[in-house]
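For reference, the structure is listed below as structure tokens.
The values are calculated or read from the model by the stated rules, or taken from the named source; none is laboratory data. Model, not experiment: these values are computed from the prediction. So basically every Cβ, Gly included, is an ideal-geometry build from the backbone, and we count neighbours across all protein chains shown.
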Amino acid sequence: MTTPETGPAPRGTGPQAPAGSPVSGRSRRGEPRTYDFRRPTKLSREHVRVLQIAQEAFARQATTILTTFLRAGARLELAGIEQFSYDDYVQTLPNPVFISTFTLEPLAGKGLLAYPLDIAMAIVDHLLGGSGAAAQPNRPMTAMETTITTHLLDRLLDEFATAFGTVTELQPALAGFEYNPQLAQAAAGSDTVMVATFSMAVGSREGEATLVLPFSSFAQALNNAASPQLSESALRKRKKAAEALAARLNLVPVDVSVRFAPLTVSSADLLSLAVGDILLLRHPPDSPLEVTTNDVTFAYAIASNHRRRLAATVVPTPHAAVKDSA
């Protein structure tokens, strides 16, 4: 079955979507595309608009970082945002390709940034003072090349966190590198991921970069929910903080009063009170007194004494007593 394009038309070509992919950014506006009812679209127009603002902000800052670090012409420009299953996305990547995975604390899951291996090697060449124009090796990076690249990627992740600050708070950190897409285990194969496609240029080299984020981790944040899906470590931190707060609150002194039921009188009666006047409390003689704090009744009590001191014995609420007797 076909259905009209629901997302905004991309400004460039993204990864080639496999047959049956639920969202394909390669379709032009109004052009019918295949819709797989087994994988309903989760990325709405509103989601795309929010992501587009964040991803474009990231692209602008990344362009500045790349130009400054490499001292050469560089460009990163958003081309489109699409929805894939993770397996379908992996099939769009060439082998080898430069892939860096990163955590998304305090959110669960991992993100993934992928771009051509020759551009990754050219970036190392530029960082070491080269021109980047020579033929680049088609192999995994050495330990030294990885260290050099890590410094740049850490800066890019800082800009990524800043750009997504309007969506949710993030503290991304590099998790590892991979060159074979089949070995980059950033998500389960059936998980829905959001793929932002960028046109990337470093010097005379051009290619396509993709930034992948797990939909399940960002779904609540995109829907302006109270709290996004959190990782186990973030949940532990929040639980520990709540327990510490509760423990401190238990030590806070609170003023408690035992009183008759409040009485309402007019201002005229209040101003005319004189010594010897009697106010009818209208408190039933068989009803317990109210135990209150900050004018909130939280228990009931009857007058008593304890070691020659006036005291109050907490008793069941009148409503509970009536219910039990019934």
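So in region 166-180, with the set limited to residues that are within 13 Å of the chain's Cα centre (by Cα) and of a type in the set (Ser, Thr, Tyr), which one is modelled with the lowest pLDDT?
166
Do you know which of the residues in region 166-213 that are among the acidic types (Asp, Glu) and in a strand (DSSP E or B) is surrounded by the fewest Cβ atoms within 10 Å (Cβ to Cβ)?
For region 166-213, the residue satisfying everything is 206.
Are any of the residues in region 261-268 small (Gly, Ala, Ser), surrounded by 11 or more Cβ atoms within 10 Å (Cβ to Cβ) and modelled with pLDDT under 85?
Checked against the condition, which is being small (Gly, Ala, Ser), surrounded by 11 or more Cβ atoms within 10 Å (Cβ to Cβ) and modelled with pLDDT under 85, region 261-268 yields at least one hit.
So residue 138 clears everything in (1) surrounded by 12 or more Cβ atoms within 10 Å (Cβ to Cβ); (2) not in a helix (DSSP H, G or I) except one condition, right? Which one?
Here residue 138 meets the rest and fails (1).
Within region 89-117, how many residues are buried (at least 19 other Cβ atoms within 10 Å of the Cβ) and not in a loop (DSSP other than H, G, I, E, B)?
16
Residue check, residue 163 against (1) under 31 Å from the mean Cα position of the chain (by Cα); (2) surrounded by 20 or more Cβ atoms within 10 Å (Cβ to Cβ); (3) not in a helix (DSSP H, G or I), all met but one. Which one?
(3)
Run down 77, 82 and say which single residue is in contact with a Gly (Cβ under 6 Å, 6 or more places away or on another chain), touching a residue at least 40 places away in the same chain (Cβ under 8 Å) and among the charged types (D, E, K, R).
Answer to the selection: 82.
On the given criteria, is residue 231 among the polar types (S, T, N, Q), within 30 Å of residue 214 (Cβ to Cβ) and in contact with an Asp or Glu (Cβ under 9 Å, 6 or more places away or on another chain)?
yes
So which strands (runs of 3 or more DSSP E) are wholly in region 220-312 and hold at least 1 residues that are more than 30 Å from residue 47 (Cα to Cα) and among the acidic types (Asp, Glu)?
289-293
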